[in-house]
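The values are calculated or read from the model by the stated rules, or taken from the named source; none is laboratory data. Predicted model, so just to flag it, every value in this text is computed and none were measured. Cβ placement follows ideal geometry from the backbone for every residue including glycine, while neighbour counts extend to all protein chains displayed. Ligands, DNA and RNA are stripped out before the accessible areas are found, and what is left, the full protein with its side chains, is counted by its heavy atoms. Shrake-Rupley method; radii C 1.70, N 1.55, O 1.52, S 1.80 Å.
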2 protein chains.
Amino acid sequence: MKKIFFLLAIIVSTTKAQDLLPQPKSINTSKGAFTISKNTLIRLSLSSPELNKYVQRFVQRFQNRSGVFLNTTQLQDTLSAHEILIQTETFVDTIKLGSDESYKLEVNQNKIIITANNNIGAYRGLETLLQLIQRTGKTAYVKSCMISDSPRFPWRGLLIDVCRHWIPTHVIKRNIDAMAAVKMNVLHMHLTEDQGFRIESKKFPKLHELGSNGNYFTQEEMKGIVKYAKERGIRVIPEFDIPGHTTSWLVGYPELSSANADYQIEKNYGIFNPSLNPAKESTYSFLDEFLGEMALIFPDEYIHIGGDENKGIDWDNNKKIQKFKDKNSYTSNSELQAYFNTRVLDILTKHGKKMIGWDEVFEESLPLSVAIQSWRGKESLYSFAKKGYAGLLSNGYYLDMANDLKVYYENNPLPLNADLTQTEKELIYGGEATMWSELVNEKTIDSRIWPATLAVAERLWSSNENCNTNAFYNKVGAISNQLEEHGLIHLTNQTILLKQLSNQSDVNKFQPFVQLLEPLKGYERHRFLKYTTHYPLNRLVDACYTESFRANDFETLVSQNCKTGICKNRDEIKTTLATWIKAAEQFVKVGNQSQGLMEAKLLALKVQELCELAWRSVNSPSELKELDKDRAQVLMLEIENFKLDVKFAPIQTMKRLFN
Amino acid sequence: MKKIFFLLAIIVSTTKAQDLLPQPKSINTSKGAFTISKNTLIRLSLSSPELNKYVQRFVQRFQNRSGVFLNTTQLQDTLSAHEILIQTETFVDTIKLGSDESYKLEVNQNKIIITANNNIGAYRGLETLLQLIQRTGKTAYVKSCMISDSPRFPWRGLLIDVCRHWIPTHVIKRNIDAMAAVKMNVLHMHLTEDQGFRIESKKFPKLHELGSNGNYFTQEEMKGIVKYAKERGIRVIPEFDIPGHTTSWLVGYPELSSANADYQIEKNYGIFNPSLNPAKESTYSFLDEFLGEMALIFPDEYIHIGGDENKGIDWDNNKKIQKFKDKNSYTSNSELQAYFNTRVLDILTKHGKKMIGWDEVFEESLPLSVAIQSWRGKESLYSFAKKGYAGLLSNGYYLDMANDLKVYYENNPLPLNADLTQTEKELIYGGEATMWSELVNEKTIDSRIWPATLAVAERLWSSNENCNTNAFYNKVGAISNQLEEHGLIHLTNQTILLKQLSNQSDVNKFQPFVQLLEPLKGYERHRFLKYTTHYPLNRLVDACYTESFRANDFETLVSQNCKTGICKNRDEIKTTLATWIKAAEQFVKVGNQSQGLMEAKLLALKVQELCELAWRSVNSPSELKELDKDRAQVLMLEIENFKLDVKFAPIQTMKRLFN
């Protein structure tokens, strides 16, 4: 019954006034509207190449959204009668932690004015304006209003793991566009892992040459990504995960390792033993050179050094490392890792950078300048804040868990009851959604990041009072659709994958059934099947959206209309069930077309039968025989326990129809 | 009635044996089949990093196509009972004009063997194998056969103009994948134009810095494209169009120009006056340095120098150039351009390259080593061949004309009646489809290149006897669908664009109407509307496929079943018409959602009414009153003359229903 409380509207064809995501700080509407016409002009008070480029892109999207072709897309510098004016005071070249992102947006009949301290605030305001465009009948317009907006948290990030599966530049860039569209401001790139070393090093070329199977960002490409992000007001934080998670480093440079082994790029998933050797001085000179090289590519003040999940087994088995521990009176591996961290911190400081790492980087002597990103959770995060460390929340934002959006949305880094002082609260910089890529490739990653990350985007930008789960669900479908303009394939890849799986059958016929399926949540999918980096990600589960909005819609419909098995608005419920029956039937027909579909064929048969019973029950509950009711119970049990990596999402709602 | 002769099958869900594109030289089938199972193994007789990579990609696609997940995707080096063996003698690092691309493919119950002289032949054979995979019911298999194959022409190219609209690297790469899938072997990149200079020059950085609006390939990116193509057996030919078409060069280096002007990147389309100055020695030293730099990026022996459409107006207006002409006794601008060409040829020769250019590079003193690409046509091409020049045909392969596939397909560079000797025939190297980009951007270009280029791919690979228009139309839909696996959006972008145009309406409802529309053919679209590089390409016409396969299907249906207005199989025809009526009706409903749709709303209304009349006529011709028949004639006239940049494709077939 997890979805019972959402009031979900079936996606409507016109955008409503409240479809702003993230919700702005304050919005006051008034009568009247700015009508968008061919003659609408766009003016800048302060021109800069970067802002001009943003506005030029805005103009194309403005035409797309409004459906109006402008007579001129040339930016103006003098006043016009009917104009959009972008007013900024200063130009900020590169966004930093804490840069002013606030803006004001005023709409009246003749003018739209975006006022911001700098270009970054203007970017945020332009995105709000795009979401405000409404179309009905023959006109496009923006309703008169006054918006005043600024972010709740200064660090609103998305981590993309480009190591477990390679994610190429153009996929990163379209995701940057989507981030900017919902005002996120940090792209955290997880660049090195056991399964791959994904950035070119000119100083140590064997890192990418031997550690990547040829899939890595050249420095030029990475600079291009950084520039692309900067032009959209987004910081790029690189992560070089050390001392564990380093198998791919050791393929080319085994002298850095803690064990005397022959290293291969890891193909399996999990936690592995390979670790840098903290007892050798040469490890630090290597890191000094390498991080110095990287520091020049990434302008942000922070570099992420990972630091997580180093089990220390290779340390325990290395006599020299043990001797080093003894000599320095370190009684545990975490003390040894603390020493390692201190040395790395010195290196970063020397290169003008601040350090950030996962929970494990913490130990008592850690300087307060280090920030901590918590995968462990709020308890851990708050304990650091109480000690004076700044931090980010990532626990609860793990996109690879394929959770319902609600789970991400309701994960509030600072709920009202957080037991922290005001000063401590200010150390909670925000959070990051994390897209670990064991189970996504360049084709499917969009559909795991979006729309899920929309939940995180709003949670981190909007105030507690402005976050509301129902309101969020009411608008998320429309905003998710809008993201397609950036070339994201989070929606269309389903069709493409299903076409392939079904041998180019007519996907429309059975897609409504697939849209009722959800991937196994959490890490259950790894338990269902042993994945490696080589296993193809073109199973039925890869074609499913992480959350079935159709199942949600049905839940709403049933909860509004049915009580103890008796329903009002029976026709609507019956129509939905009839669609499902037909789609499941069609799925059965294509079910032999591939191994990937065949596994779900029996499930589709059961769903079809259950929906038929449900249809009859809604139609006339009294006519359903005991035998039918028993059969429904058996089917529901079988469907719930069906052994597969996808689940039939509306199962709980179905149960209610037979109560 | 242009489409009356095609026997078009509605795209069927199972691939048939004959769905090979391009059609191989010879194919003998026998009883039995190789059944694809989890245990199928893949073995290489001769391993090389590049062939191994190709085969690794093949394995992923093999799993996609067959729907079977293999137990292991590791390549084998020892014999197995049930295997695919790839047998090559030698390794060719970089494909050249005339490289051996032949292969043999033998399929029996236990083995599939691809035998080729080299890795490039193996690539071609692997693509054929992928097309041979069949799926029915629970199994995937390849029917026993023996194929022997080699290309008809050694030069089978696609030109992509990245200048009029910028086309980024990832779009180029997915098109390279699609080219390889249908055995094309030359990517011709049109890199410089009045509207943009699209490659980085380290020697003359103002070329790309001032000539590109920031959209250009860095040298590293271009090397990446060249490598990507080479790994798929595809040559990359760069074109630097000189002396005309050079406005973008002159923005940064006005000293190269023939006029004393202030140059801006051109925003309009057409033929412009700016031209390099052929009378200044410094022009040649510039070109020497520049082309020398470029020669190192492109390993192919040919460099394309354009040479087309130089009107010479700026030459006529320049007194020094006139003086230079007089001094050298040149009586025409073409003689002057011949001198220019000779100088450029010397430069290319010095850098180890051969020259190729458009028809205009020819004049009597041109050395026979220069190849000529003909936009003018076969007459021109043959006249060059008779003089001893090698050449390519591009006339008739202009993709920007949005012609029906038949037009491209039936454009045979060497028809049986070609009046050339055998030696002259051998000088016709092949041809190139040309994708000029005035009316395509990075989102729509796929849909203009594909499926149209499939016609060119088969025409240039397969022998005269193996080319058959009906057979081509029967398979092109299935092959076009398969191309989606490379990330092409030639099919899905229609949905995305229509969603945007219709304000996120349910596109399925009205898409069948849009799929009956075709863009204006030839260059009519430019006459309908004045485009510049800034005009948004998100009109209804941009969402249309270039040829309506649905209209073709209907034509087949009607021509097979109807005579003088009386039809057999009435239900099938009526069902089709009913679908169109409904879709047109739905289109009218969303027609107000944007300017782009609104223009076609009235057309949809007329189509709806006409289809209703046609439905009634097919249902019972005698019951249609004279008034109705008159109305149908009026509607057909109005639809045919409807002033818009799209046309209702089935109009000729409709006429036959009322005869």
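Computed quantities for the displayed model
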item	result
Residue ID - nearest to B:Leu210 (Cα to Cα), chosen from residues in the range B:278-291 that are of a type outside the set (Ser, Thr, Tyr) and either at pLDDT below 95 or open to solvent by less than 10 Å² (accessible area, probe 1.4 Å) (or both)	B:Phe290
Residues of the range A:450-472 that turn out to be part of a helix (DSSP H, G or I) and open to solvent by less than 10 Å² (accessible area, probe 1.4 Å), as a count	10
Subset of the range B:541-551 (residues that are of a type in the set (A, V, I, L, M) and either within 11 Å of another protein chain (Cβ to nearest Cβ) or farther than 16 Å from B:His490 by Cα (or both))	B:Ala551
Odd one out for B:Ala614 among (1) more than 14 Å from chain A (Cβ to nearest Cβ); (2) out of contact with any strand residue (DSSP E or B) (no Cβ under 9 Å at 6 or more places or on another chain); (3) open to solvent by 10 Å² or more (accessible area, probe 1.4 Å)	(3)
Residue in the range A:569-590 that is within 11 Å of chain B (Cβ to nearest Cβ) and either closer than 30 Å to A:Tyr398 by Cβ or crowded, with 22+ Cβ neighbours inside 10 Å (or both) present	yes
Subset of the range B:138-163 (residues that are in a loop (DSSP other than H, G, I, E, B), touching a residue at least 24 places away in the same chain (Cβ under 8 Å) and open to solvent by 20 Å² or more (accessible area, probe 1.4 Å))	B:Ser150, B:Pro151, B:Arg152, B:Pro154
Residue list for the range B:597-623, restricted to those being over 20 Å from B:Gln652 (Cα atoms), of a type outside the set (D, E, K, R) and at pLDDT below 90	B:Ser622
Residues of the range B:499-539 that turn out to be within 11 Å of chain A (Cβ to nearest Cβ), of a type in the set (Lys, Arg) and in contact (Cβ under 8 Å) with a residue 24 or more places away in the chain, as a count	2
Enumerated helices (runs of 4 or more DSSP H) restricted to the range A:584-659, each holding at least 3 residues that are farther than 20 Å from A:Asn508 by Cα	A:601-619, A:626-640, A:651-657
Residue ID - farthest from A:Glu555 (Cα to Cα), chosen from residues in the range A:606-626 that are without any contact (Cβ under 8 Å) to a residue 60 or more places away in the chain and within 34 Å of the chain's Cα centre (by Cα)	A:Lys606
Residues being in a strand (DSSP E or B) and either open to solvent by 70 Å² or more (accessible area, probe 1.4 Å) or at pLDDT below 95 (or both) - total across the range A:1-31	4
Selected residue [among the basic types (Lys, Arg) and closer than 24 Å to B:His170 by Cα] from A:Arg152, A:Arg156, A:Arg174, A:Arg135	A:Arg174
B:Gln337 in contact with an Asp or Glu (Cβ under 8 Å, 6 or more places away or on another chain), open to solvent by 10 Å² or more (accessible area, probe 1.4 Å), within 20 Å of B:Glu255 (Cα to Cα) and without any contact (Cβ under 8 Å) to a residue 12 or more places away in the chain	no
Verdict on A:Trp375 being of a type in the set (Phe, Trp, Tyr) and open to solvent by 70 Å² or more (accessible area, probe 1.4 Å)	yes
B:Cys562 more than 14 Å from every other protein chain (Cβ to nearest Cβ) and within 22 Å of B:Leu657 (Cβ to Cβ)	yes
Residues that are in contact (Cβ under 8 Å) with a residue 40 or more places away in the chain and either surrounded by fewer than 21 Cβ atoms within 10 Å (Cβ to Cβ) or more than 12 Å from every other protein chain (Cβ to nearest Cβ) (or both), drawn from the range B:483-492	B:His486, B:Leu491
Single residue of B:Ile176, B:Ile167, B:Ile120 found to be assigned to a loop (DSSP other than H, G, I, E, B), open to solvent by less than 10 Å² (accessible area, probe 1.4 Å), modelled with pLDDT of 95 or more and at negative phi	B:Ile167
From the options A:Ser480, A:Ser447, residue that is within 11 Å of another protein chain (Cβ to nearest Cβ), crowded, with 20+ Cβ neighbours inside 10 Å and in contact (Cβ under 8 Å) with a residue 24 or more places away in the chain	A:Ser480
Residue in the range B:553-563 that is over 25 Å from B:Tyr473 (Cα atoms), surrounded by fewer than 18 Cβ atoms within 10 Å (Cβ to Cβ) and not aliphatic (A, V, I, L, M) present	no
Identity of the residue in the range A:511-558, part of a loop (DSSP other than H, G, I, E, B) and among the charged types (D, E, K, R), that ends up farthest from A:Pro451 (Cα to Cα)	A:Lys530
Answer from A:Asn64, A:Asn52 - the residue that is within 14 Å of chain B (Cβ to nearest Cβ), under 30 Å from the mean Cα position of the chain (by Cα) and over 23 Å from A:Lys227 (Cβ atoms)	A:Asn64
When residues of the range B:101-115 are limited to those that are open to solvent by 10 Å² or more (accessible area, probe 1.4 Å) and without any contact (Cβ under 8 Å) to a residue 40 or more places away in the chain, the one nearest to B:Gly431 (Cα to Cα)	B:Thr115
Check on A:Asn468, closer than 28 Å to A:Leu540 by Cα and either more than 11 Å from every other protein chain (Cβ to nearest Cβ) or polar (S, T, N, Q) (or both)	no
Members of the range A:595-605 found to be within 13 Å of another protein chain (Cβ to nearest Cβ) and either open to solvent by 10 Å² or more (accessible area, probe 1.4 Å) or free of Cβ contacts under 8 Å to residues at least 60 places away in the same chain (or both), listed by number	A:Gln595, A:Met598, A:Glu599, A:Lys601
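Results for (1) under 30 Å from A:Val92 (Cα atoms); (2) out of contact with any Gly (no Cβ under 9 Å at 6 or more places or on another chain); (3) part of a helix (DSSP H, G or I), shown as yes or no for each residue.
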position: A:Pro299; (1), (2), (3): yes, yes, no
position: A:Ile303; (1), (2), (3): yes, yes, no
position: A:Gly307; (1), (2), (3): no, no, no
position: A:Lys311; (1), (2), (3): no, no, no
position: A:Leu336; (1), (2), (3): no, no, yes
position: A:Tyr339; (1), (2), (3): no, yes, yes
position: A:Arg343; (1), (2), (3): no, yes, yes
position: A:Leu348; (1), (2), (3): yes, yes, yes
